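Some notes on the structure that comes next.
The values are calculated or read from the model by the stated rules, or taken from the named source; none is laboratory data. Please read all numbers here as calculations on a predicted model, not as lab measurements. Positions of Cβ are generated from backbone atoms using ideal geometry, with glycine treated the same way; all protein chains shown enter the neighbour counts. Remember, those area values only see protein heavy atoms, side chains included, never the ligands or the DNA or RNA. Shrake-Rupley method; radii C 1.70, N 1.55, O 1.52, S 1.80 Å.
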Amino acid sequence: FGSGVTIAGTGMLMNNETCLTGDWCGFYRYKGDPDEHWMEIYLDVGDGVIVGVGRDDFGEFVIDGRFDEATKECRWEKGYLGAHNVCYTGKFDGKRIAGDWKIEDVIGAFCIWRKGHGNSNADIGKALHAALATPDPPGDG
């Protein structure tokens, strides 16, 4: 996106923070486990702050973190209501946010995208492999 994109027909500039605000869906995985744990999230991003709410197979959660407009890096804590917190670190590539998560010594990867903006399985797989620092699967080279 660079510094932003023009919204078709309006002449208005949309920055990365504006692109990030809204409904997201995606999944997380544990390192070494191919099972996908789906999640739905609403993010509100402005002035470098990320807040949100969501739910996944574990339960409902809140999100509190930061977005760096220059590097497109996102960092947040996903706090399950009445339970533990999970630290997320990822990067916005203009289509999705992909990265890794950590709870104490348990780690994994995640990939989320705007609802209604489909992503190919190959794109998501590459984003997850990069987040887990593993080589691309055979044939995806």
If you scan the stretch 33-85, which residues turn out to be under 21 Å from LYS95 (Cα atoms) and either among the small types (Gly, Ala, Ser) or part of a loop (DSSP other than H, G, I, E, B) (or both)?
GLU36, GLY46, ASP47, GLY48, GLY52, GLY54, GLY65, GLU69, ALA70, THR71, LYS72
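Condition check: part of a strand (DSSP E or B) and either under 18 Å from CYS25 (Cα atoms) or hydroxyl-bearing (Ser, Thr, Tyr) (or both). Does LYS102 satisfy that?
So LYS102 fails the test.
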If I ask for residues that are farther than 14 Å from ASP44 by Cα and of a type outside the set (D, E, K, R), which ones from the stretch 54-77 would you list?
PHE58, GLY59, PHE61, ALA70, THR71
Restricting to the stretch 61-99, what's the tally of residues that are closer than 12 Å to ILE50 by Cβ and either open to solvent by less than 40 Å² (accessible area, probe 1.4 Å) or among the charged types (D, E, K, R) (or both)?
17
